[in-house]
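Undergrad: Input: one structure, supplied below.
The values are calculated or read from the model by the stated rules, or taken from the named source; none is laboratory data. Everything quoted here is computed from the prediction, not taken from an experiment. So basically every Cβ, Gly included, is an ideal-geometry build from the backbone, and we count neighbours across all protein chains shown. In case anyone asks, the SASA skips ligands and DNA or RNA and just uses the protein heavy atoms, side chains included. Shrake-Rupley method; radii C 1.70, N 1.55, O 1.52, S 1.80 Å.
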Amino acid sequence: MLRSLITDHAPADDFDATAVPLYITTTNLTQARKEVFHNGSISRAVLASPAVPGLFCPVEIDGDLHVDGGVIANLDLTAPDLGASEIVAIDLSRCLDGRRPNSIPSLLMQTLDVVQHQRVEVAVKSIAERVHLTLVQPNPDEGFALGSLSAVDRLLRQGEELGDAVVSMCMRPDGTLEPGMIHGPLHLHPWPSAPDG
């Protein structure tokens, strides 16, 4: 399905064909490292990038197996190293809501949540003072099980509504978003010493 979406919507299966420079992050399992693709076949990188281990098969690229880039970088904020000075990032790690785990799987998931949360904090602190960063942290109104596709339509609708609300609330006259952290209930928390965009 994803492959057909790429075929239907990409004019050419090549990074050089994009009007805006495109970078796609994967986790290279064979080499045990993050990989950022910016040339060659777009479809291979797009198929590998969301390949969550245990849910989707790894994608072979140039002899190496690649999976979801979130395994190594759940919120990859290396864009300043590529020349970006204004960043809108969406933190898709699950929210820590204070609930106690009641099973081995929920304990493992909460442990992963804590690791990801700390990664996000470290990444944000390292660049929020250097670039114009707007970080959006969606908070779905209902829980959903990892791997369940039953909530996809609802989550897509919530994502569109959140995007519209963020733009209407935070858009500056110059077309940039106010720097800071945005989460629900929808509110902007400015960075303590964010640069003026």
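Undergrad: Are any residues in the stretch 79-131 among the polar types (S, T, N, Q) and in contact with a Gly (Cβ under 9 Å, 6 or more places away or on another chain), and if so, which ones?
TA: Correct list: Ser85, Ser93, Gln116.
Undergrad: So, in the stretch 59-79, of the ones that are modelled with pLDDT of 90 or more and open to solvent by 60 Å² or more (accessible area, probe 1.4 Å), which residue ends up farthest from Thr111 (Cα to Cα)?
TA: Asp62
So that you can scan it fast, the table gives a plain yes or no per residue for (1) modelled with pLDDT under 80; (2) open to solvent by 50 Å² or more (accessible area, probe 1.4 Å); (3) among the hydroxyl-bearing types (Ser, Thr, Tyr); (4) not in a helix (DSSP H, G or I):
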site: Pro105; (1), (2), (3), (4): yes, yes, no, no
site: Asp113; (1), (2), (3), (4): yes, no, no, no
site: His117; (1), (2), (3), (4): no, yes, no, no
site: Lys125; (1), (2), (3), (4): no, yes, no, no
site: Thr134; (1), (2), (3), (4): no, no, yes, yes
site: Glu160; (1), (2), (3), (4): no, yes, no, no
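Undergrad: Further question on the same structure: Hey, Pro101 hits all of (1) farther than 29 Å from Thr134 by Cβ; (2) not in a loop (DSSP other than H, G, I, E, B) but one; which does it fall short on?
TA: Status for Pro101: all satisfied but (2).
Undergrad: Let me ask you something else. Here are some residues: Asp164, Asp153. Which one is exposed (fewer than 13 other Cβ atoms within 10 Å of the Cβ), among the acidic types (Asp, Glu), at pLDDT below 85 and out of contact with any strand residue (DSSP E or B) (no Cβ under 9 Å at 6 or more places or on another chain)? Steps first, answer last, please.
TA: On the way: Asp164 fails: at pLDDT below 85.
Answer to the selection: Asp153.
Undergrad: Scan the stretch 15-55 for residues that are in a strand (DSSP E or B) and open to solvent by less than 30 Å² (accessible area, probe 1.4 Å) and jot them down.
TA: Narrowing the stretch 15-55 to residues in a strand (DSSP E or B): 24-28, 33-37.
Result: Ile24, Thr25, Thr26, Thr27, Asn28, Phe37.
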